[in-house]
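Engineer: Below is one structure. I have some questions about it.
Rule-based calculations on the coordinates, nothing more; no lab input. Since this is a predicted model, take the numbers as computed values, not measurements.
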Amino acid sequence: MVNDMKRPLSIGAALVLVATGVAAQGTRGQHQQIPAAVQQAIQANKPGAEIDKLEVEKEAGVTLYDIEFKAGKGEIEVAEDGTVMDVTDIIDEKDVPAPAAQAIRTAAKGHVIKQFERSEVRAEIVKDGSKGRISKLSTPKYVYEAELTKGEVEVTADGKVIKAAN
């Protein structure tokens with residue numbers, strides 16, 4: 001019974017820490033506070049995941065938090081207002097659609113594939129003049145990525161190359 005009581009307490013303590021603001025390393029070595037809306041999106045989509053890397057980026061005036069998690073828990077990209085742009089999971093090659101897997105192997109040009117990922121794209125930034133606005137997708141799009149020994153490859157489920165190895 002005592003152990004059962006400690007578990008909710010430790011989970012509650014962890015949530016308090018998350019709710020009070022997590023300091024994370026920014027892209028230029030500066031510490032960034034993660035906004036509450038971004039923290040809530042992380043907890044809703046990657047509960048219990050521990051942040052490994054954080055990059056704060058601006059795309060067409062929209063502030064994005066690109067977060068990688070430890071222990072193979074994937075990644076998430078969240079807009080400052082808490083809109084989840086995409087959620088990425090590490091997957092096995094067998095879980096990649098055949099056309100996408102073939103396109104990845106071709107585009108990899110002999111580089112060793114270190115891991116496969118599937119990104120569920122939920123929102124995109126639409127350029128509106130010099131500014132951008134977030135457009136939530138009615139149905140998520142899926143993008144498959146392979147991290148290579150040098151560079152990465154991104155393709156659609158039907159095998160269209162979005163980004164080839166560098």
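Engineer: Under 5 Å between amide hydrogens, which residues at least 5 positions from residue 86 or on another chain qualify, with H placed 1.01 Å from N in the peptide plane?
Structural biologist: Excluding prolines and chain starts, which carry no amide H, the hits are 77, 122.
Engineer: Another question, if that's okay. Specify the inter-centroid distance of the stretch 47-88 and the stretch 108-145, based on alpha-carbon positions, in whole Å.
Structural biologist: 13
Engineer: Once amide H atoms are built 1.01 Å from N in the peptide plane, which residues 5 or more positions from residue 34, or in another chain, come under 5 Å H to H?
Structural biologist: Close amide H contacts, sequence-distant or interchain: 22, 24.
Engineer: In addition: Run through every distinct alpha carbon pair of the stretch 85-166 and return the Kirkwood hydrodynamic radius in angstroms, one decimal place.
Structural biologist: 13.3
Engineer: For the stretch 85-166, what's the relative contact order in percent, using C-alpha pairs closer than 8 Å and at least 6 residues apart?
Structural biologist: 34
Engineer: Something else now. Over 22 Å between Cα atoms: which of 141/163; 46/127; 53/73; 70/114; 73/141 fall into that group?
Structural biologist: From 141/163; 46/127; 53/73; 70/114; 73/141, over 22 Å: 46/127.
Engineer: Still on this structure, I have one more. Could you run the Karplus curve 6.51 cos²θ - 1.76 cosθ + 1.60 with θ = phi - 60° over the stretch 111-128 and give me ³J(HN,Hα) per residue in whole Hz, x for Gly and Pro?
Structural biologist: With coefficients 6.51, -1.76 and 1.60, one gets 5, 6, 8, 7, 6, 10, 9, 10, 9, 9, 8, 9, 8, 9, 9, 9, 6, 10 Hz.
Engineer: Something else now. Sorted from largest to smallest, which semi-axis lengths in Å does the alpha carbon gyration tensor of the stretch 24-166 give for its equivalent ellipsoid, taking the root of 5 times each eigenvalue?
Structural biologist: Gyration-tensor ellipsoid for the stretch 24-166: 26, 18, 15 Å.
Engineer: List the residues, sorted by chain then number, that are 5 or more residues from residue 137 or on another chain and whose placed amide H is less than 5 Å from its amide H.
Structural biologist: Long-range HN contacts for residue 137: 123, 124.
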